[in-house]
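Data block below; observations after.
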Amino acid sequence: MKISRANGIFQLSYFHMSCPRARGKALASIGIFVFYVAAILATGPLVLAYPLTANDSSAKPAAIIIGFVGGFISHDNPVHSEVQLAARLRKEYPAGVQVQTYESYRGELARKDIIKLLDAHHDGTLTTAEKQEARIVIYGHSWGGAEAIYLARMLEKDGIPVLLTIQVDSISAPGKDDTTIPGNVAQAANFYQDHGLLRGHHDIRAADPARTRII
């Protein structure tokens, strides 16, 4: 595998992301971003539930990591690298980080779960302080990459910041723009292949370059 950088975009070369082994290598590469954020922010108890319930009384985690699988894959299918990465994160950071994976069309469910996690008072309404305390990383592959940006855009409307988005061979879903990163995202990374039948977008851009850095 070769990773090159041009115009602020990381490019994965010399293999086909349609191959599960190649996709696994790509997700292993982006894992360094996720691990970096989790290591910095892992300071509270781990909360594991799917779906989350309104009656959950556990303290909110210091960091929330959301992953979207590609295509119509189940969110907990252990064969796929997106799920394996989430499992590895849970193992490496057994406290202080909420890690959850979702299907590529479950962005709205992920949003609801994030709001429940941030709602420290469990009153159904997020305060400005609760929103600003959010420490969120979102990653996704293929349609899941597009859903990652769709979720970030929904969180922007809610006034909730996102630390980092990571897209791997992101492919647009109908009606969803996955090339423009919303202004509530601090940093965004885009990995793509230049071979194979299905190729992700080569370029992403910040809706507000003053607020978002493409890494």
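Can you tell me which condition Ile214 does not meet? The list is (1) touching a residue at least 40 places away in the same chain (Cβ under 8 Å); (2) buried (at least 24 other Cβ atoms within 10 Å of the Cβ); (3) more than 21 Å from Asp76 (Cβ to Cβ); (4) among the β-branched types (Val, Ile, Thr), and all the others hold.
Just one mismatch for Ile214, condition (2).
Okay, residues lined up against (1) in contact with a Phe, Trp or Tyr (Cβ under 8 Å, 6 or more places away or on another chain); (2) farther than 26 Å from Ser74 by Cβ; (3) free of Cβ contacts under 8 Å to residues at least 40 places away in the same chain:
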| site | (1), (2), (3) |
| --- | --- |
| Ala110 | yes, no, no |
| Ala120 | no, yes, no |
| Val137 | yes, no, no |
| Trp143 | yes, no, no |
| Tyr150 | no, no, no |
| Leu155 | no, no, no |
| Ile160 | no, yes, no |
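Please work out which residue is modelled with the lowest pLDDT, limiting yourself to the range 94-152 and to residues that are part of a strand (DSSP E or B) and more than 25 Å from Lys176 (Cα to Cα). Don't jump to the end; show me each part of the working.
Going through the range 94-152, the residues part of a strand (DSSP E or B) turn out to be 97-102, 136-141.
From the residues that got through so far, the ones that are more than 25 Å from Lys176 (Cα to Cα) too are 97-98.
Values: Val97: 84, Gln98: 88.
Step by step, filter the range 94-152, then rank; the result is Val97.
Taking Lys176 as the residue in question, decide whether it is closer than 26 Å to Ala210 by Cα and modelled with pLDDT under 90.
Working: closer than 26 Å to Ala210 by Cα: yes; modelled with pLDDT under 90: yes.
It is true that Lys176 is closer than 26 Å to Ala210 by Cα and modelled with pLDDT under 90.
Please specify each residue of the range 153-178 satisfying the condition of being charged (D, E, K, R) and either part of a loop (DSSP other than H, G, I, E, B) or under 9 Å from the mean Cα position of the chain (by Cα) (or both). Quick ask: steps written out before the conclusion?
Restricting attention to the range 153-178, the residues satisfying the condition of being charged (D, E, K, R) are 153, 156-158, 169, 176-178.
Result: Asp169, Lys176, Asp177, Asp178.
On the basis of being buried (at least 24 other Cβ atoms within 10 Å of the Cβ) and closer than 18 Å to Arg205 by Cβ, does Ser142 make the cut?
Details: buried (at least 24 other Cβ atoms within 10 Å of the Cβ): yes; closer than 18 Å to Arg205 by Cβ: no.
Criteria not met by Ser142.
The values are calculated or read from the model by the stated rules, or taken from the named source; none is laboratory data. Since the model is a prediction, treat every value here as computed from it, not as a measurement. Heads up, the Cβs are rebuilt from the backbone with ideal geometry, glycines too, and the neighbour counts pull from every protein chain shown.
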